[in-house]
Amino acid sequence: MSPDVPAAPSSHTIHRALGEFHLVVTEEQVQQIQQYTALLLKWNEAVNLTAIRDPLEILYRHFCESMFAASVVALDSGRLADVGSGGGFPGLPLQILHPKLEVFLIESNVKKATFLAEVVRDLGLTGARVLVSRYEELGEELTPLDIVCCRAVGEFALFLNWAASARVNAQKVLLWVGGRDVEEIQRVSGWEWREPVQIPQSLRRFLLVGTRTTEMRPEQ
């Protein structure tokens, strides 16, 4: 690692930060977060995995905000697909937090997918699998899915229609969105939305949970 690459946050800092999000982790999970952060900082020198370079901000914006979902939705087990995983957020932090959760990391960029595979191997995350593909091209490989999540989706209607389609048949969607996107998302048919949950330490970022409505009969 380059001497200019900063170190991962200390165990005390990680516990304190996650505590602000009402999350409790073991020392083994803290070590996995540190290991993951070190890999992210190293790879980020060559592959643009995140625009955030500060380890403390990475801890809050990527790890804490990803894991916060577990306090809003039951994620201790089941099957979850992380669409457009990029640097592995939110899928890998959720797998660290809940090892029994089966996670599919969907990433079309080969270099980013290679990084994800390295993290999965290095951290020994047996419940995580990397799929190098555009999400629109996937279906049967994923089913049955309990939850589809995303932090970086742009075309909300396209994504939500895919998640509700017969070949994917996701029961819930979990989205990290800005406040200006909430109304647009809630207008997409086929989903019943819970009240947005504001993400701690943020002003205009929310967690949005949708449940597929039973009356919808997808054609795809």
Q: Being surrounded by fewer than 22 Cβ atoms within 10 Å (Cβ to Cβ) and closer than 21 Å to residue 41 by Cβ is the filter here, so list the residues in the range 88-109 that pass it.
A: 109
(Q) Among the residues that make up the range 88-104, is at least one of them touching a Pro at 6+ places or on another chain (Cβ under 8 Å) and in contact (Cβ under 8 Å) with a residue 60 or more places away in the chain? (A) no
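Tally up the residues in the range 143-157 that are among the hydrophobic types (A, V, I, L, M, F, W, C) and either touching a Phe, Trp or Tyr at 6+ places or on another chain (Cβ under 6 Å) or over 20 Å from residue 91 (Cβ atoms) (or both), please.
Residues flagged as among the hydrophobic types (A, V, I, L, M, F, W, C) and either touching a Phe, Trp or Tyr at 6+ places or on another chain (Cβ under 6 Å) or over 20 Å from residue 91 (Cβ atoms) (or both) within the range 143-157 amount to 2.
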Q: Could you check, for the range 34-53, whether at least one of its residues is surrounded by 19 or more Cβ atoms within 10 Å (Cβ to Cβ) and outside any helix (DSSP H, G or I)?
A: yes
Q. Is it the case that residue 126 is under 18 Å from the mean Cα position of the chain (by Cα), assigned to a helix (DSSP H, G or I) and among the hydroxyl-bearing types (Ser, Thr, Tyr)?
A. no
Q | Pairs with Cβ under 9 Å, 6+ apart, first in the range 1-25 and farther than 12 Å from residue 63 by Cβ and among the aliphatic types (A, V, I, L, M), second at pLDDT below 95 and not in a helix (DSSP H, G or I) | A | 1/45; 5/44; 5/45
(Q) If a residue counts only when it is in contact (Cβ under 8 Å) with a residue 24 or more places away in the chain and under 29 Å from residue 49 (Cα atoms), which strands (runs of 3 or more DSSP E) contained entirely in the range 140-220 have at least 1 such residues? (A) 147-150, 172-178, 205-212
Q: Filter the range 16-33 for residues that are crowded, with 18+ Cβ neighbours inside 10 Å and assigned to a helix (DSSP H, G or I) and give the result.
A: 17, 18, 29, 30, 32, 33
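The values are calculated or read from the model by the stated rules, or taken from the named source; none is laboratory data. Given the structure is predicted, the values throughout are model-derived calculations rather than measurements. With ideal geometry, Cβ positions are generated from the backbone for all residues, glycine too; neighbour counts draw on all protein chains shown.
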